[in-house]
Amino acid sequence: MDGETVHVRPISPEDADRLRAFHEGLSPESIQNRFFSPHPRLSVTEVEHFTTVDHHDRAALVATRGERIVAVARYERLKDPDTAEAAFVVADEFQHRGLGALLLEHLAAVARENGITRFDASVLTTNRAMLDVFRSAGFEEVTHVESSVIEVELLIEPSERSLATAEHREHIAEAASVARLLTPRSVAVIGAGRNPASVGHVVLTNLQRAGFAGPVYPVNPRAGEIAGLPVYPSLAAVPGPVDLAVVAVPSGAVMDVVRDAIAKEVHGLVVLTAGFGEVGDHATQDGLRDLARGNGLRLVGPNCIGVVNTAIGLDATFAPFAPVPGRIAMQSQSGALGIALLERSGRMGLGVSTFVSVGNKADVSGNDLLQYWEDDPGTDVVLLYLESFGNPRKFARIARRVSRIKPIVAVKSGRSSAGVRAASSHTAAMASPDVAVDALFRQTGVIRVDTLDELFDMALVLGSQPLPAGPRVAIVGNSGGPMILATDACVGAGLEVPELSDDTQAALRAAFDPNASVVNPVDLVAGATPDDYEQALDTMLDDEVIDAVIVVSTPTFAAPSAEVADVVGRVAGRTPKPVLGCFLAAPGLPPLLLGDERPSGVPVFASPEPAARALARAADYAAWRRTPPGTIPSLDDLDLAAARAVVDTFLAQSPDGGWLAPAAVTGVLAAVGVPMVRDQEVTGAESAAQVAADLGFPVALKAAGTDIVHKSDVGGVALDLLSGDAVAAAYRSMAERIGPAMTGALVQQMAAPGVETIVGVVQDPLFGPLLMFGMGGTATELLGDRSFRILPVTDDDVAELVRSRRLSPLLFGYRGAPMADVEALEDLLHRVARLAGAVPEVAELDVNPVIVSSGGAVAVDARLLARPVAAGPPPDLRRL
């Protein structure tokens, strides 16, 4: 867990020589721990046995550094098919660094895929390191001692404890790997040129200007001195160790530089060079990444502008603006916008702790950086500019945790609806790519903004002000018009502008002009002086009904902007509540008003609207942070194996996938405990009439057929049929109207009256399953009143989802209507979510409508599209 990387892969017969060399390089103690006896060499038979496995009953993984094997993990299934004997061995110089735990995670994942639920292992009592690996894995463990051997039994099914343990190890390891990049003791600039306008030269001089304390080595085979520093013809010629190599050579030479860096034992690479994935050469970029990772290096870029760590004077960028030290961490996926971020942060006085331009994200991504920033004592706020997600499920895990202690503000480009797929279900039709991003950010507490201006507005507020305790805002100023605009902006952004308490109003009324308005907003009128502002602010901030204050000041002879600004900065320094300044027609004021008691300053806005938006987002974030994280509830009567069996049976008959028959859909939903109205399939008018009589009137008749997408659109639904004759007539009418597409029908009991809702699932190729909830029925797409959440969902996620829609009040006794059974609805949502997570072959699911009444929630109609899913590693398995 020291930040180095290894490549974990299955063993193969081609590894024979590498395995033999690995074994012969082990110390006698390590061999004794593995074989319980001296065993200096492996026989030909042993090597063949160890390298030839079926990856089912016998499996083995190797961890490699370059071509060298540095660790091996294996299992062999025992007579009990649920149990396997497991063994691990790690090269001596790689022991005590977390490699055994990493291999255990991967080997357990392979075993579970093959139906194994328990590992047995025999460990010498003297092998404390391996015993520590087992005990710290988080799996349920049983041990007993036989002479000098401890027999260990591990139940390898994932549990809350084992997942949390693996996540903690992942966090420590990835944070350490980024620290090796951002806290180097020495830097080499490969491709440092003599031309002052060249990229390598600018990086070199930026390092000098920033005051990097360690040695800086220019590398150029055709120069003797650059910027007063001796130049070395190659990395190998550099006299001392090199922690970080910044690469600014033509793309065709980058791979050779990486090989030189491996030989020099460099810790990290920043590849500024372009000409890789961004121009379509993904193969070379992947090879670059694999070469670096496989030999223990992390890589930033390629096609980036570099990295900054102001705490150590590291400016390894070619940006023309010197970074200002501060407590804001920044990541940009765009080099040009990265330069803009550095310039703007310096001009606004915010300053940065660290900055990383990730470029093409061949290796290091926002997920890695969040792992580092979570524990970085020099970072208070994280700003992200994102164009894409490499692993959004991992981002969700990390960001949900980081947001609890540090705000994350993100601009995510690509809000356009042009990417909405043509879809055949209500759920998929409404699941644009940006919907998933919104759900991801909402659930993880990430503050989403639309523009760079808003990104820095949030940085100003979050970097200088305490979080508001609530949404209640007081507005004070000297002109009615701007304060009306401020009030409208606050209310429009979701804030409250409550009346001040009677005591506060009385105090203000006694102190100020009789014409002053003291209710809220507080208009001190045009004659107000800076002293008036100070007295009013102190009085209002003491009011318990107020959580924050926005000062709206227009310059007058009585109150020059600079003097009012001084007062605002001074008052803000002695209150625990956030204070924002809105100064109209005052272009000379700095973005931050620095006060004596709050050196971080008070943010200044030129108009009320951005101030209101920023404060509202801060209040929403504060409310999210105060809300408990929530739990994933346990569910009764959940038979996921039975649900999977129905889907697997269908895919065995239809390998390309398709829509399941109604009876199969009912079987899937019944397996996970989703309540459904009684129904039965029929193929003719007479059988429909007979089934209706058996079910009991009134009934509904719904056309069946895999080519019928929305039954209502083609006249395929008849409701409240009260007799057999009515059912038969409805069937004949439907068959005539729809034609051959109608292959039968469904006769269904009528559900009790209630609120029609829709519950759905769509599998996003990047984000995984998305759970949808909204107002249902035939007008669901017209209303568009729906929202999505990514999985897994907690009880708080689902509760917020149900309450988030415009028409949600219909569920809570709107205008005297009976209260709906919201608890039953939330239970149904959890069951559908659990189905989607456990059976990813459920590509689309519409349960529409789900009728929610005071007596429960019941599914009336459902469609399920199944598609085969390619095999892959579990989404929670530790990997880069």
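Grab the strands (runs of 3 or more DSSP E) fully contained in region 115-199, keeping just those with 1 or more residues being over 22 Å from Ala91 (Cα atoms) and in contact with a Pro (Cβ under 6 Å, 6 or more places away or on another chain).
Per the criteria, 187-190.
Yes/no per residue for (1) free of Cβ contacts under 8 Å to residues at least 24 places away in the same chain; (2) out of contact with any Lys or Arg (no Cβ under 9 Å at 6 or more places or on another chain):
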{"position": "Val133", "(1), (2)": "no, yes"}
{"position": "Ser136", "(1), (2)": "no, no"}
{"position": "His144", "(1), (2)": "yes, yes"}
{"position": "Val149", "(1), (2)": "no, yes"}
{"position": "Glu160", "(1), (2)": "yes, yes"}
{"position": "Ala164", "(1), (2)": "no, yes"}
{"position": "Glu167", "(1), (2)": "no, no"}
{"position": "His171", "(1), (2)": "no, no"}
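Hey, among Val802, Val793, which residue is in a loop (DSSP other than H, G, I, E, B), touching a Leu at 6+ places or on another chain (Cβ under 9 Å) and within 21 Å of Ile632 (Cα to Cα)?
After applying the criteria, what remains is Val793.
What is the number of the single condition among (1) part of a helix (DSSP H, G or I); (2) open to solvent by 20 Å² or more (accessible area, probe 1.4 Å) that Pro377 does not meet?
Status for Pro377: all satisfied but (1).
Out of all the residues in region 742-753, which are in contact with a helix residue (DSSP H, G or I) (Cβ under 9 Å, 6 or more places away or on another chain) and in contact (Cβ under 8 Å) with a residue 40 or more places away in the chain?
Those that are in contact with a helix residue (DSSP H, G or I) (Cβ under 9 Å, 6 or more places away or on another chain) and in contact (Cβ under 8 Å) with a residue 40 or more places away in the chain: Gly744, Ala745, Leu746, Val747, Gln748, Gln749.
Which condition number does Asp707 fail, the rest of (1) part of a helix (DSSP H, G or I); (2) surrounded by fewer than 16 Cβ atoms within 10 Å (Cβ to Cβ); (3) of a type outside the set (A, V, I, L, M) being met?
Here Asp707 meets the rest and fails (1).
Looking at the structure I just gave you, is Ala730 of a type outside the set (Phe, Trp, Tyr), under 15 Å from Leu746 (Cβ atoms), surrounded by 13 or more Cβ atoms within 10 Å (Cβ to Cβ) and more than 44 Å from the chain's Cα centre (by Cα)?
yes
Return the residue satisfying two criteria in turn: it lies in region 747-761 and is closer than 30 Å to Leu721 by Cβ and open to solvent by less than 20 Å² (accessible area, probe 1.4 Å), and of such residues it is nearest to the chain's Cα centre (by Cα).
Here the answer is Gly760.
Given the options Ala585, Ala614, name the one that is under 32 Å from the mean Cα position of the chain (by Cα) and within 30 Å of Pro555 (Cα to Cα).
Ala614
So for region 494-502 (the condition being open to solvent by 40 Å² or more (accessible area, probe 1.4 Å), modelled with pLDDT of 95 or more and at positive phi), does at least one residue qualify?
Yes, because at least one residue in region 494-502 is open to solvent by 40 Å² or more (accessible area, probe 1.4 Å), modelled with pLDDT of 95 or more and at positive phi.
Which residue pairs have Cβ atoms under 6 Å apart, sit 6 or more places apart or on different chains, and have a first residue in region 209-220 that is in contact (Cβ under 8 Å) with a residue 12 or more places away in the chain and a second that is open to solvent by 40 Å² or more (accessible area, probe 1.4 Å) and among the basic types (Lys, Arg)?
Going by the 6 Å Cβ cut-off, the qualifying pairs are Gly214/Arg185.
Taking the residues in region 48-86 that are of a type in the set (Gly, Ala, Ser) and more than 19 Å from Ala21 (Cβ to Cβ) as candidates, determine which candidate is surrounded by the fewest Cβ atoms within 10 Å (Cβ to Cβ).
Among those that are of a type in the set (Gly, Ala, Ser) and more than 19 Å from Ala21 (Cβ to Cβ), it is Ala59.
When the residues of region 102-119 are filtered to those that are closer than 15 Å to Glu141 by Cα and touching a Phe, Trp or Tyr at 6+ places or on another chain (Cβ under 9 Å), which remaining residue is surrounded by the most Cβ atoms within 10 Å (Cβ to Cβ)?
Going through the qualifying residues, I end up with Ala108.
Here is a list of conditions, (1) on the phi > 0 side of the Ramachandran plot; (2) out of contact with any Ser or Thr (no Cβ under 9 Å at 6 or more places or on another chain); (3) of a type outside the set (Ser, Thr, Tyr), and Lys711 meets all of them except one; can you say which number that is?
Failed condition: (1).
Restricting to region 191-205, name every residue that is open to solvent by less than 10 Å² (accessible area, probe 1.4 Å) and not small (Gly, Ala, Ser).
Val203, Leu204 - these are the residues of region 191-205 that are open to solvent by less than 10 Å² (accessible area, probe 1.4 Å) and not small (Gly, Ala, Ser).
Somewhere in region 117-127, is a residue touching a residue at least 40 places away in the same chain (Cβ under 8 Å), within 24 Å of Phe35 (Cα to Cα) and charged (D, E, K, R)?
yes
Is it the case that some residue within region 175-184 is farther than 30 Å from Gly378 by Cβ, among the hydrophobic types (A, V, I, L, M, F, W, C) and either out of contact with any strand residue (DSSP E or B) (no Cβ under 8 Å at 6 or more places or on another chain) or crowded, with 16+ Cβ neighbours inside 10 Å (or both)?
No, because not a single residue in region 175-184 is farther than 30 Å from Gly378 by Cβ, among the hydrophobic types (A, V, I, L, M, F, W, C) and either out of contact with any strand residue (DSSP E or B) (no Cβ under 8 Å at 6 or more places or on another chain) or crowded, with 16+ Cβ neighbours inside 10 Å (or both).
Residues to consider are Asp764, Asp785, Asp795; find the one that is open to solvent by 50 Å² or more (accessible area, probe 1.4 Å) and either more than 21 Å from the chain's Cα centre (by Cα) or not aromatic (Phe, Trp, Tyr) (or both).
None of the other options fit; the residue is Asp795.
Among the residues of region 3-39, count how many are part of a loop (DSSP other than H, G, I, E, B), surrounded by 15 or more Cβ atoms within 10 Å (Cβ to Cβ) and not small (Gly, Ala, Ser).
Number satisfying all stated conditions: 6.
For region 380-404, which residues satisfy the criterion of being under 19 Å from Asp797 (Cα atoms), β-branched (Val, Ile, Thr) and either surrounded by fewer than 20 Cβ atoms within 10 Å (Cβ to Cβ) or in contact (Cβ under 8 Å) with a residue 60 or more places away in the chain (or both)?
The one that is under 19 Å from Asp797 (Cα atoms), β-branched (Val, Ile, Thr) and either surrounded by fewer than 20 Cβ atoms within 10 Å (Cβ to Cβ) or in contact (Cβ under 8 Å) with a residue 60 or more places away in the chain (or both): Ile398.
Among residues belonging to region 232-252 that are open to solvent by less than 20 Å² (accessible area, probe 1.4 Å) and in contact with a Lys or Arg (Cβ under 9 Å, 6 or more places away or on another chain), point out the one that is farthest from Asp286 (Cα to Cα).
Checked region 232-252; the qualifying residue farthest from Asp286 (Cα to Cα) is Val238.
Scan region 545-563 residue by residue and report those that are in a loop (DSSP other than H, G, I, E, B) and either at pLDDT below 95 or out of contact with any Lys or Arg (no Cβ under 7 Å at 6 or more places or on another chain) (or both).
Those that are in a loop (DSSP other than H, G, I, E, B) and either at pLDDT below 95 or out of contact with any Lys or Arg (no Cβ under 7 Å at 6 or more places or on another chain) (or both): Thr554, Pro555, Thr556, Phe557, Ala558, Ala559, Pro560.
Taking region 801-824 on its own, how many of its residues are buried (at least 22 other Cβ atoms within 10 Å of the Cβ) and under 30 Å from the mean Cα position of the chain (by Cα)?
Looking only at that region, the number is 1.
Here is a list of conditions, (1) at pLDDT 95 or above; (2) crowded, with 22+ Cβ neighbours inside 10 Å, and Met130 meets all of them except one; can you say which number that is?
With respect to (1) at pLDDT 95 or above; (2) crowded, with 22+ Cβ neighbours inside 10 Å, Met130 is out only on (1).
Determine whether region 319-336 contains at least one residue that is open to solvent by less than 10 Å² (accessible area, probe 1.4 Å) and within 20 Å of Val254 (Cα to Cα).
No; the residues of region 319-336 include none that is open to solvent by less than 10 Å² (accessible area, probe 1.4 Å) and within 20 Å of Val254 (Cα to Cα).
The values are calculated or read from the model by the stated rules, or taken from the named source; none is laboratory data. Only a predicted model underlies this, so the values are computations on that prediction, with no experimental measurement involved. We place every Cβ from the backbone using ideal geometry, glycine too, and count neighbours over all the protein chains shown. All accessible areas refer to the heavy atoms of the entire protein, side chains included, with ligands and DNA or RNA removed. Shrake-Rupley method; radii C 1.70, N 1.55, O 1.52, S 1.80 Å.
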